[in-house]
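The values are calculated or read from the model by the stated rules, or taken from the named source; none is laboratory data. Given the structure is predicted, the values throughout are model-derived calculations rather than measurements. Heads up, the Cβs are rebuilt from the backbone with ideal geometry, glycines too, and the neighbour counts pull from every protein chain shown. To get the accessible areas, we keep the full protein, side chains included, count just its heavy atoms, and leave off ligands, DNA and RNA. Shrake-Rupley method; radii C 1.70, N 1.55, O 1.52, S 1.80 Å.
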Amino acid sequence: MKGGNIEALSALGILMIASMAIGVYANRAQEKGGGFLSGYFLGNRGLGSWSMALTATVMSGGTFMGFPSLVYSYGWVLALWIASYMMVPLCTFVVLGKRIGQLSRQTGAITLPDLLRERFESPRLGLLASIVMMLILTFGLVSQFKAGAIIMQLVLPPLPGIPDGALYLNRSPQFLYGLLLFSIVVVGYTIHGGFLAAVWTDLFQSVLMAIGILILFPLALIHSGGLERATQAGIAAVGPGFAYAPGAERDFLTPGLAFSFFAMWSIAGMGQPATLVRLMAFSDTPTLRRATFLLGAYNTVIYVPLVLIFICARAVLPNLAQPDEVMPAMALKVASPWIAGLILAAPFGAVMATISGFLVQISSGLVQDVYHRFFNPHADEATLRRVSNLTMVIVAIGAAIAAIFSPKFLQALIVFAGGCAACAFLVPAVMTAFWKQATARSAMAAMAAGVLSMLALYVPGWVRNADPGIGEKSGFYPVYFMGVAPFVWGLVASIVVGVVVTVVAPGPPPSRVDEFVPETAR
Amino acid sequence: MPPRPRHGQVKEVLSVTSVNGQTEREHGICMDNAAAVLRSSRREATQVAVLWVVICIWVVGYCITNAYRTDPDPVLIAGVPSWVVWGILAPWMVCLAATCWFAFRGVEDTDLGEEQAQAGED
């Protein structure tokens, strides 16, 4: 896609203006009830069904830019790769939703570390959770800033007076001023609107994406001549592996990885801090039920057609040099430039919403869990607001600078960070919700075991840097012990260590069990 | 700043200051409600876990058996490889039906309780 595409640029401009407007509206809404902390960081626990359904799962720009390129490259096996999205609504909302919602109200928690600290009465656990969460989110934040700048680079025109191909700090001028513009907008509306702005922009882009996909799907079918012709075109281009597992031209999804990714998408989502904090923010159980249904319908409408559209792309664009650009290229080929602009605007919106959500969480971690708790417990609302704003600006500047200098293997770090988050928080969250014998010690042990197991499988792989021949081709590879992804081993380690420490170590005082896990109802 | 009252402590104080038995009944209702949320959540989580295992065996098992081959002339159903239809789309529809069941019947509506003072205020 060439820079200076006026329709796509206009679509991004409209999206940015809409996001700013959402920030202003969110600011008014969160000031209507509750205090600053609860309103700004949790939307006064008032999330509705649509906001819950379309923002609580793991969707970012990568979902809509990276996934299509994988379908185009490896073929039908990607249907198996994302198959467990069919279970995501039930795993995400039904398993932990009610208990996390109840316990967060009971403890007054507004962040995930808050919840763990209060449930287990352990400041150490809260601090550990804050540190782990902020480290993990920082990895994600840098990559999202980079993704946003890359999209801006695709559509921004060259600056007058600057020769084509000029590089500053090893980046194009469009990348740099795109990053600056993008950062100002996203930080601006996040500071103004807080948690609700992050959630509502996420909702907005999710709806935009659904509209784009539903327009693109029939057009792709018509232009490709149907799925059968597209499949045959794929086989002709890259061999029969296009229609089978483990994928075309590479053992992309071996049986071990097929199981790993089935577990990863459905289970890992439950342990993401962004998901857990939304489970603390919904208004009531009917909202949770409706959100479960909406997410089930949304995933069906989005992910199944996404696979089919980019299978069709093999017939429409048989030899694309850069598979990463298949989504905008396909949109421009089969639809009008304005529809292409809309489709490009959706992943851009997803990137903005992800950054916004991460900024709110990092800020809430630093302000609520560190500053307010350890440095200034008596801070008034105005002070907390100033500290929160300053924190977001500093974190965003740091992430934007890191995005300029980020290494090529950053995507591998992001996959590592997402898996790490699940291995760190899922087992402690389940213990928090259901296990009366669980203690702060067992939650910390489970958290540490999950993170350390992930490190033990990633670091040797990065040091050795040899292609194992399976999985996605990238710059850096983890160790696939027994052909299984590190996330699965991390989760197994977290479960085993958590259970052993809970069973062996002294249990919690009975008063805490009665308070938080009241088994004996009248 | 007064210490943040805990859930249990609030109920304790209410019971002691009760003059007509009303607050003790409220305490009982509150505890009943908390236990009901726990019980229904456990039941629903167990049902989802069982469904997850069944769907995982269906999807991964069927696909491992039928998708790992390289036939140059694959069996297609409406242009979709048959292993995708029976190994992914069919269980997806079952899951969607199960999701509807949970959303409209399976998940019990419960009172999640009152908001307590914020955790940072103690």
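Miscellaneous remarks
- Placing dummy labels 7 Å off each Cα toward the beta-carbon, the span from A:Phe375 to A:Met482 is 4.6 nm.
- Shape of segment A:357-462, Cα gyration tensor, a/c cut at 1.5: oblate
- Options A:Ser266, A:Leu125, B:Val85, ranked by Cα towards positive dipole end of the protein assembly as shown, top entry (Cβ charges): A:Leu125
- Computed accessible area, B:Glu114, all protein chains, 1.4 angstrom probe, square angstrom: 130 Å²
- About its Cα centre, segment A:6-516 has a charge dipole of approximately 600 debye under the convention of +1 per Lys or Arg Cβ and -1 per Asp or Glu Cβ, with nothing else charged.
- In Å², nearest 10: area of A:Trp50 left accessible to a 1.4 Å probe: 140 Å²
- Chain pair B, A: total accessible area buried, heavy atoms, 1.4 Å probe, Å²: 6300 Å²
- Residues in segment A:178-187 carry Karplus couplings, in order, of x, 5, 5, 4, 4, 5, 4, 5, 5, 5 Hz; the curve used is 6.51 cos²θ - 1.76 cosθ + 1.60 with θ = phi - 60°, and Gly or Pro positions show x.
- For segment A:13-25, the Karplus equation 6.51 cos²θ - 1.76 cosθ + 1.60, evaluated at θ = phi - 60°, returns couplings of x, 4, 4, 5, 5, 4, 5, 4, 5, 4, x, 5, 5 Hz by residue, with Gly and Pro reported as x.
- Positive minus negative residues near A:Ala448 (Lys, Arg vs Asp, Glu; Cβ under 14 Å): +2
- Positive-pole candidate from A:Met209, A:Tyr74, A:Leu219, dipole of chain A, charges at beta carbon: A:Met209
- Per-residue SASA remark: B:Arg69, around 120 Å² accessible (1.4 Å probe; ligands, DNA and RNA not included).
- Protein-only accessible surface at a 1.4 angstrom probe places the residues A:Ile311, B:Ile77, A:Ile394 in the order A:Ile394, B:Ile77, A:Ile311, largest first.
- Other residues whose C-beta falls under 12 angstrom from the C-beta of A:Ile401 contribute a net charge of +2, scoring Lys and Arg +1 and Asp and Glu -1.
- Cβ-based charge dipole, chain A, positive-most Cα from A:Asn465, A:Leu332, A:Thr292: A:Thr292
- Prolate/oblate/rounded call for the protein assembly as shown, Cα gyration tensor, a/c under 1.5 rounded: prolate
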